[in-house]
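Everything on this sheet refers to the single structure shown next.
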């Protein structure tokens, strides 16, 4: 499989997983919604960190990537502040879904094609490796997890970025 296909497949698969988690959060009964939202927030934080590492390597970070990440974080924090268990949280989940749709389009329709056009196969495979770290990092739970599951989204994002960079450097 071509390197650009590996990268795009990883990104598309993760965006589909995020959509599934968002749907599960919306469909969850109020008593289970907080856990569903926490799973969604953690996955989004780890994915956003890995995507930023993958598509905006050190020295090539873009203002657009930072703005998109900030919009995701702000929307997730508003949901957390509101309380996912409240009935009105579905409105905030709708706003989060809108931000996620924009994130998906920007990644798949703009960032990846621009990245692929400007990079060689080594960089494309390196980026795919960064995205591959997401599932492993999200699967780790408990007190020894590199990305804590009981922390706020900003902390998870920072921890995920560091963890993704460690994984990429050690492969």
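Data overview
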{"quantity": "Boolean, residue 100 is within 14 Å of the chain's Cα centre (by Cα) and either in a helix (DSSP H, G or I) or crowded, with 18+ Cβ neighbours inside 10 Å (or both)", "calculated": "yes"}
{"quantity": "Residue that is farthest from the chain's Cα centre (by Cα) [pool: residues in the stretch 116-138 that are surrounded by fewer than 18 Cβ atoms within 10 Å (Cβ to Cβ) and within 25 Å of residue 41 (Cα to Cα)]", "calculated": "136"}
{"quantity": "Cβ-Cβ under 6 Å pairs, at least 6 apart or on other chains, the stretch 74-96 side part of a loop (DSSP other than H, G, I, E, B), far side surrounded by 15 or more Cβ atoms within 10 Å (Cβ to Cβ)", "calculated": "84/33; 84/34; 84/37; 85/33; 85/34"}
{"quantity": "Unique match (being in contact (Cβ under 8 Å) with a residue 60 or more places away in the chain and either outside any helix (DSSP H, G or I) or surrounded by fewer than 17 Cβ atoms within 10 Å (Cβ to Cβ) (or both)) among 52, 23, 19", "calculated": "19"}
{"quantity": "Restricting the stretch 55-70 to residues that are part of a helix (DSSP H, G or I) and buried (at least 16 other Cβ atoms within 10 Å of the Cβ), the residue that is modelled with the highest pLDDT", "calculated": "55"}
{"quantity": "Criterion (within 25 Å of residue 169 (Cα to Cα) and exposed (fewer than 14 other Cβ atoms within 10 Å of the Cβ)) met by exactly one of 30, 113", "calculated": "113"}
{"quantity": "Those residues of the stretch 147-171 which are closer than 17 Å to residue 51 by Cβ, surrounded by 15 or more Cβ atoms within 10 Å (Cβ to Cβ) and more than 15 Å from the chain's Cα centre (by Cα), in sequence order", "calculated": "167, 168"}
{"quantity": "Conditions (1) within 19 Å of residue 44 (Cβ to Cβ); (2) in a helix (DSSP H, G or I); (3) modelled with pLDDT under 90; number of the one not met by residue 168", "calculated": "(1)"}
{"quantity": "Any hit, the stretch 1-14, residues being in contact with a helix residue (DSSP H, G or I) (Cβ under 6 Å, 6 or more places away or on another chain), farther than 29 Å from residue 124 by Cβ and at pLDDT below 90", "calculated": "no"}
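The values are calculated or read from the model by the stated rules, or taken from the named source; none is laboratory data. Only a predicted model underlies this, so the values are computations on that prediction, with no experimental measurement involved. A quick note on method: Cβ atoms are made from the backbone with ideal geometry, for glycine too, and the neighbour counts reach across all protein chains shown.
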